[in-house]
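Peer 1: The structure follows.
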Amino acid sequence: MTEYAEVARAVSARGEVVLRRRTTEHAADVLELRVNGVFVMDTHETSTEEALAAGALDLVEDPRDVVVGGLGLGYTVQRLLADPRVERVAVVEVEEALIGWMRDGTVPHGPAVLADRRVQVVAADLVTAVAEATRTYDLVLLDVDNGPGYLVHDTNAEVYDAPFLTEVHALLNPGGVLVVWSADRAPGLEQTLRTVFGGCTEQALDVELQGRATAYYLYSARRA
Ligand SMILES: C[S@@+](CC[C@H](N)C(=O)[O-])C[C@H]1O[C@@H](n2cnc3c(N)ncnc32)[C@H](O)[C@@H]1O
C-alpha cells in the first residue's frame, strides 16, 4: 500500500507546487515533487538527473562554467559539484518556493547543495535568464520539463524550439555542450538540435519507475 503525506505546498503564477512524502513497502520517506498535479520527479529514482550532469561532464575537457535550467530537487547540481573542474554553476529555477524548500531543509539534502560557494541560484524563467545572459558557458544542462512531448507547462514548449536553442548555442563557448533531458524519445528535438548545432547525439537511459521498466533520454549537441 502507498501512503502520502503533504510536506509543503505553494501557489505561484504558474500554478501549484507540492512536495509530498511517499511511503511504500519497498521505500520509505521518498519525496515527490508535483506541479499542477503532474508528477515531476522524486528522490528515489534520480539516476537520470545525475546522468545528465555526469554525461555532460564527460563531454568537455574543462567544464568550468555551467548553467542548469531547473533546480528541481538538486541532483543534477549535486553531481556537477562533485567534479572539482567545475568552478561556477548558475542554476535557473522559476519556482521561488522550491528554492526556499531546498535552502531551509524542507528537502533534507538541499542546504548542503546550495551552500556550495560555486552555486548561484537565479530565481527566474529560463527563457528570460538566457535572453539576459551577459557571459558564455562551457555546459548548459536543460531539465525544466518532462520533454517536448509531455509538458507540465505549455509555455515551456519554446525551450525545445529553434529560436531558444539558437540563443543557447550562442551562450556556449566554442566546444561547449548542451544536454537536454527528456522523459520520452524526442525526434523533433533531435532534428532541431541537428539544424541549430550541426549535430546531435541521443542516449537512452533505462530506469525503473515504481516497478515499471522504462527509459528516459538525453540529447547532446556541441557548439563547433
Ligand atoms: C524535473 S525538475 C529538475 C530536476 C533536476 N534536474 C534535479 O536534479 O532535481 C524541473 C525543474 O524546472 C523548473 N522549471 C520549470 N519550468 C521552468 C522554466 N521555464 N524556467 C526555470 N525553471 C523551470 C521546475 O520548477 C522544476 O524545479
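Peer 1: Just to be sure I understand, how many residues within region 140-153 are more than 15 Å from Val40 (Cβ to Cβ) and within 11 Å of the ligand (Cβ to nearest atom)?
Peer 2: 1
Peer 1: Take region 69-89 and flag every residue that is more than 7 Å from the ligand (Cβ to nearest atom) and open to solvent by less than 10 Å² (accessible area, probe 1.4 Å).
Peer 2: Once the filter is applied, which keeps residues that are more than 7 Å from the ligand (Cβ to nearest atom) and open to solvent by less than 10 Å² (accessible area, probe 1.4 Å), region 69-89 yields Leu80, Val86, Val89.
Peer 1: Oh, and also: Regarding region 21-44, can at least one residue be identified that is closer than 19 Å to Val130 by Cβ, away from the ligand (no atom under 14 Å from the Cβ), not aliphatic (A, V, I, L, M) and not in a helix (DSSP H, G or I)?
Peer 2: Within region 21-44, none of the residues are closer than 19 Å to Val130 by Cβ, away from the ligand (no atom under 14 Å from the Cβ), not aliphatic (A, V, I, L, M) and not in a helix (DSSP H, G or I).
Peer 1: Inspect all residues belonging to region 175-192 and state whether any of them is within 13 Å of the ligand (Cβ to nearest atom), touching a helix residue (DSSP H, G or I) at 6+ places or on another chain (Cβ under 6 Å) and of a type outside the set (Val, Ile, Thr).
Peer 2: yes
Every residue, every condition in (1) aliphatic (A, V, I, L, M); (2) over 18 Å from Ala97 (Cβ atoms); (3) open to solvent by 60 Å² or more (accessible area, probe 1.4 Å), yes or no:
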{"site": "Glu3", "(1), (2), (3)": "no, yes, yes"}
{"site": "Glu6", "(1), (2), (3)": "no, no, yes"}
{"site": "Ala13", "(1), (2), (3)": "yes, no, yes"}
{"site": "Val17", "(1), (2), (3)": "yes, no, no"}
{"site": "Ala27", "(1), (2), (3)": "yes, yes, no"}
{"site": "Val30", "(1), (2), (3)": "yes, yes, no"}
{"site": "Glu50", "(1), (2), (3)": "no, yes, yes"}
{"site": "Ala53", "(1), (2), (3)": "yes, yes, no"}
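Peer 1: Moving on. Being outside the structural domain of Arg9 (by TED's automatic domain parsing) and open to solvent by 30 Å² or more (accessible area, probe 1.4 Å) narrows it down to one residue among Ala157, Ala129, Ala215; which is it?
Peer 2: Ala157
The values are calculated or read from the model by the stated rules, or taken from the named source; none is laboratory data. Everything numeric in this text was worked out from a predicted model, so none of it was measured. No Cβ is skipped: glycine too gets one built from the backbone with ideal geometry, and neighbour counts run over all protein chains shown. Heads up: the accessible areas ignore ligands, DNA and RNA and are worked out on the full protein's heavy atoms, side chains in. Shrake-Rupley method; radii C 1.70, N 1.55, O 1.52, S 1.80 Å.
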